[in-house]
């Protein structure tokens, strides 16, 4: 077998752009939506300037924008909004209440029930609200039993990912693979068509997460309250009457027994001063300090500094003040904006004190805390009245990590749950496609008041929408120009002489590795036409190869940035990057081996 000849110039250009796109999707410094828009625009401009024809049919640049109206994207957006309805009404709250009761009896029983509930719910609902529901309950349970939340939060997060791969609506990745495969001529998958291999693999994975994974995780102390060890970056201001005025940094360090870590000193005129020991503190200075919430409040008292310099809320003299940690989750009013633009203090009457960035090390606060761009997984330390924090918990708009009660619940909750069940049942029985069923559900939630338009808009994720459209455009261009066939030929050349079982396993492993580095949606959409081409050339059924892509693209276990819920549990559990590698790698191998054996045997080739 000879190495495949190079394809046409257009296919080569598309493949190079695909490689560049995958590179862009891994850059944290470039917003995912910016990278996606660049790819869409580049493709359209290139095809308009250098048209491509095949068999007398020209590939129209305007067709690349069809992803904005693609059935898969409509389904993804509608399900995101419907899931937000469950969160806002507290429809899943009874589940949390039952788990709280179980937690008093047996930690091991709590863990296995949590894993099963998380997996089952995520097969029908986006796993982000499921993780948001379960996190505060599990944290509270582990603290009551003197255990570390680190032993249970990561397994719970992974269980929701495992459950999500069992149905067509479990994840946006599944919807995309199913839709792209149908566009390429395969019979459309029903909602439960691959639930058998998915459930068997999920059962094996859950046993691992129950019996093995907790023992592999470090027993870190991560109580999510005043004594949380999470390190926050806070900005102290020096009031005019502060006793620290005219003292040196060395004096401040001595006054705190050497504990304070001053990483930046900014004068009142905005200039930054090198933090040398003999620098003198002046009124109006701002000190950036990195420490735990308890230590930050202690520094405020010992050094006579202020964490509330820019607050418009007059509650400093209140005796009913509490600290709380708030996670910026997907669809929340704080995602991809600043506290100032979100009018945080005005709406919630809480004072932001400090920030912990998700998965990043921050050396300094650039500007005021109110002006820092917030992203999914960031954690805010806030202070306010007990009643205001309780109100925020009940609203369901933001995730309060120290929540041990007051789970969001409203009289609309049963109605929201019924609407979501109707979406699933109608699509499951084939009465309506999931795209139409989900849209009807969204309309029902809006009409009945389970959601308002503001909450519906907040549920939509711009990065998800644009990455889906960009991936669909790349996939279409690869198929039309022959790029997908070329990659399939190269893959078959490299595995020449291997059985179909081995080739399928190799494809799935490739997808599993890709999905931990780039967007799982991008990996899935690009991989699906390649899988179909490989199956065609091997004269084997295409369905197991498509499922290899689907399952592989769902194995987002090895890195915290592989999936947004990984970042959420990373913060709450105090995990490090290596913890995901240590627990996620064996899980990936285990799932890969089980599915590599199941798919060829279930689909008989």
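Within region 411-435, the set of residues being at pLDDT 85 or above, within 10 Å of residue 90 (Cα to Cα) and exposed (fewer than 14 other Cβ atoms within 10 Å of the Cβ) comprises just one member, 414.
Within region 166-202, being in a helix (DSSP H, G or I) and out of contact with any helix residue (DSSP H, G or I) (no Cβ under 7 Å at 6 or more places or on another chain) holds for 178, 182, 183, 195, 198, 199.
Considering (1) farther than 24 Å from residue 588 by Cα; (2) more than 22 Å from the chain's Cα centre (by Cα); (3) without any contact (Cβ under 8 Å) to a residue 12 or more places away in the chain; (4) part of a helix (DSSP H, G or I), the lone condition that residue 432 does not fulfil carries the number (4).
In this structure, does residue 7 turn out to be outside any helix (DSSP H, G or I), touching a helix residue (DSSP H, G or I) at 6+ places or on another chain (Cβ under 9 Å) and in contact (Cβ under 8 Å) with a residue 60 or more places away in the chain?
Considered against the rule, which asks whether it is outside any helix (DSSP H, G or I), touching a helix residue (DSSP H, G or I) at 6+ places or on another chain (Cβ under 9 Å) and in contact (Cβ under 8 Å) with a residue 60 or more places away in the chain, residue 7 comes out as yes.
Residues that are under 15 Å from residue 477 (Cβ atoms) and either assigned by TED's automatic domain parsing to the domain that holds residue 337 or without any contact (Cβ under 8 Å) to a residue 60 or more places away in the chain (or both) within region 45-69 comprise 45, 46, 48, 49, 50, 51, 53, 57, 58, 60, 61, 62, listed in sequence order.
Listed here are the residues, each with its yes/no results for (1) assigned to a helix (DSSP H, G or I); (2) modelled with pLDDT of 90 or more; (3) surrounded by 15 or more Cβ atoms within 10 Å (Cβ to Cβ); (4) touching a strand residue (DSSP E or B) at 6+ places or on another chain (Cβ under 9 Å).
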residue	(1), (2), (3), (4)
42	yes, yes, yes, no
48	yes, yes, no, no
86	yes, no, yes, no
97	yes, no, no, no
105	no, no, no, no
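Residue check: is residue 446 touching a helix residue (DSSP H, G or I) at 6+ places or on another chain (Cβ under 7 Å) and assigned by TED's automatic domain parsing to the domain that holds residue 172?
Criteria met by residue 446.
Being crowded, with 16+ Cβ neighbours inside 10 Å and either at pLDDT below 80 or on the phi > 0 side of the Ramachandran plot (or both) is the filter here; which residues of region 227-244 pass it? Listed by number, the residues that qualify are 228, 230, 231, 232, 233. Of the residues making up region 496-508, at least one is within 20 Å of residue 167 (Cα to Cα), in contact (Cβ under 8 Å) with a residue 24 or more places away in the chain and buried (at least 20 other Cβ atoms within 10 Å of the Cβ). Taken over region 50-67, the criterion of being assigned to a loop (DSSP other than H, G, I, E, B) and modelled with pLDDT of 85 or more is satisfied by 50, 51, 52, 60. Of all the criteria given as (1) farther than 21 Å from residue 34 by Cβ; (2) over 19 Å from the mean Cα position of the chain (by Cα), the one not satisfied by residue 475 is (1). For region 436-460, residues that are touching a residue at least 40 places away in the same chain (Cβ under 8 Å), surrounded by fewer than 23 Cβ atoms within 10 Å (Cβ to Cβ) and outside any helix (DSSP H, G or I) total 1.
The values are calculated or read from the model by the stated rules, or taken from the named source; none is laboratory data. From a predicted model like this one, the values you see are computed outputs, not experimental measurements. In this analysis, Cβ positions are derived from the backbone assuming ideal geometry, glycine residues included, and neighbour counts consider all displayed protein chains.
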